[in-house]
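Contents: one structure, followed by commentary.
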There are 6 protein chains.
Amino acid sequence: MRISARNQINGTVVELTKGATTSHVRVDIGNGTIMTSSITNEAVDDLRIKKGAKVTVVVKASDVMIAVD
Amino acid sequence: MRISARNQINGTVVELTKGATTSHVRVDIGNGTIMTSSITNEAVDDLRIKKGAKVTVVVKASDVMIAVD
Amino acid sequence: MRISARNQINGTVVELTKGATTSHVRVDIGNGTIMTSSITNEAVDDLRIKKGAKVTVVVKASDVMIAVD
Amino acid sequence: MRISARNQINGTVVELTKGATTSHVRVDIGNGTIMTSSITNEAVDDLRIKKGAKVTVVVKASDVMIAVD
Amino acid sequence: MRISARNQINGTVVELTKGATTSHVRVDIGNGTIMTSSITNEAVDDLRIKKGAKVTVVVKASDVMIAVD
Amino acid sequence: MRISARNQINGTVVELTKGATTSHVRVDIGNGTIMTSSITNEAVDDLRIKKGAKVTVVVKASDVMIAVD
């Protein structure tokens with residue numbers, strides 16, 4: 001499957017925190033950068049996401065903001 | 001200003017495409033990774049975003065999806 | 001690729017309208033239901049989306065609102 | 001009330017899971033398709049959403065991605 | 001129709017800018033505060049949004065970020 | 001830091017509810033209007049958000065919908 005979302009970055013899961021219905025997944029995308037994702041517990045189970053897993057971080061262009069100093 | 005959005009990555013604008021009301025901004029965040037952002041033309045003008053500018057890419061955790069092969 | 005987004009519905013592109021930087025894609029998901037998607041022109045070109053194409057509509061659970069009468 | 005969000009699909013709630021602050025609502029939109037929504041517990045209480053309720057699923061066009069095989 | 005989105009604020013349209021596929025709508029919500037919305041041209045036509053129109057601004061709780069100095 | 005998100009409204013936190021991974025923050029933006037935000041617990045701790053804190057509510061234009069009666 002290929003998807004319209006313009007940002008797709010490979011990384012490795014370094015931390016997984018499960019809440020009541022929502023999990024937080026932290027992914028090392030290299031170069032010392034960690035991205036944090038908030039997804040459903042159901043997705044974590046379905047995709048068998050766990051610490052050490054190779055994953056792709058996916059973000060739509062319209063969800064990326066730009067800040068300047 | 002500090003913001004609740006969990007993902008804040010420094011980079012350099014490498015391409016700026018202006019549409020009728022919406023611009024696309026491509027940012028090199030290092031390690032060979034380019035992120036694409038879709039923001040209003042008004043924001044581009046207000047923040048004086050242009051090719052070569054040092055910027056921070058900002059994404060909420062709930063806008064970050066995870067994919068696996 | 002499998003993705004964390006919980007909503008993935010098969011359909012057929014019935015209309016494609018290209019703007020300056022953003023395209024609108026209308027997808028028939030069956031049962032008389034049409035879904036409208038707003039994505040970048042770049043994604044349309046990259047995925048070769050056109051009228052008649054078989055596609056999958058993908059939506060995160062946190063982007064689905066519920067309304068009642 | 002009529003809203004700018006382009007996707008409004010009628011359905012029936014088939015499952016409701018309440019978390020600490022966030023609920024997951026599964027809605028049958030017909031044709032064998034189930035959509036999953038993640039909303040606040042407060043909205044669930046306010047709109048009296050429960051299993052069997054007739055609801056409308058609402059999604060903005062910019063939150064609808066397109067994938068191809 | 002009542003919707004799960006937690007933020008619903010009444011206001012008056014003070015400016016409407018139409019692009020190729022996307023419009024920007026500026027709404028005065030009182031107290032000197034203007035909110036800016038980016039929606040499809042199709043929604044603008046369908047809801048007959050124009051300068052001076054009484055409207056309700058609607059935002060999901062998960063789309064509201066918090067910043068501090 | 002200045003950000004591309006077009007909506008930035010000053011207010012005061014009037015209520016903070018922490019869930020397992022997600023918090024709900026209610027902010028009085030004046031004129032009797034309360035906005036509700038759903039952010040990560042991590043952001044609440046990092047920004048030291050608490051009842052009575054002066055904050056800025058930040059929303060992207062593409063996350064603002066318009067409704068009419």
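A few notes on this one:
- Only residues that are of a type in the set (S, T, N, Q) and under 25 Å from F:ASN10 (Cβ atoms) were counted across the range B:1-36, and they come to 3.
- Those residues of the range D:1-29 which are more than 16 Å from A:SER23 (Cα to Cα) and modelled with pLDDT under 95, in sequence order: D:MET1
- Residues being within 14 Å of chain E (Cβ to nearest Cβ) and either buried (at least 19 other Cβ atoms within 10 Å of the Cβ) or of a type in the set (A, V, I, L, M, F, W, C) (or both) - total across the range C:2-20: 3
- Leading residue by the ranking (nearest to A:THR40 (Cα to Cα)) among those in the range C:41-50 that are within 11 Å of chain A (Cβ to nearest Cβ) and surrounded by fewer than 16 Cβ atoms within 10 Å (Cβ to Cβ): C:ASP46
- Near pairs, Cβ below 6 angstrom, 6+ apart or cross-chain, from the range F:27-50 (among the charged types (D, E, K, R)) to any residue that is surrounded by fewer than 18 Cβ atoms within 10 Å (Cβ to Cβ): F:ASP28/F:THR12; F:ASP28/F:VAL14; F:ASP28/F:ILE34
- Residues (closer than 28 Å to C:SER38 by Cβ and among the acidic types (Asp, Glu)) located in the range A:1-44: A:GLU42
- Qualifying residues in the range C:51-66 (those that are charged (D, E, K, R) and surrounded by 23 or more Cβ atoms within 10 Å (Cβ to Cβ)) - the one farthest from the other protein chains (Cβ to nearest Cβ): C:LYS60
- Criterion (under 19 Å from F:ASP63 (Cα atoms) and in contact (Cβ under 8 Å) with a residue 40 or more places away in the chain) met by exactly one of C:ALA67, C:ALA5, C:ALA53: C:ALA5
- Every condition in (1) buried (at least 19 other Cβ atoms within 10 Å of the Cβ); (2) of a type in the set (S, T, N, Q); (3) away from chain F (no Cβ under 11 Å) holds for A:THR36 except the one numbered (3).
The values are calculated or read from the model by the stated rules, or taken from the named source; none is laboratory data. Nothing here was measured: the structure is a model prediction, and the numbers come from that model. Using ideal geometry, Cβ is built from the backbone for each residue, glycine included, and neighbour counts are taken over all protein chains shown.
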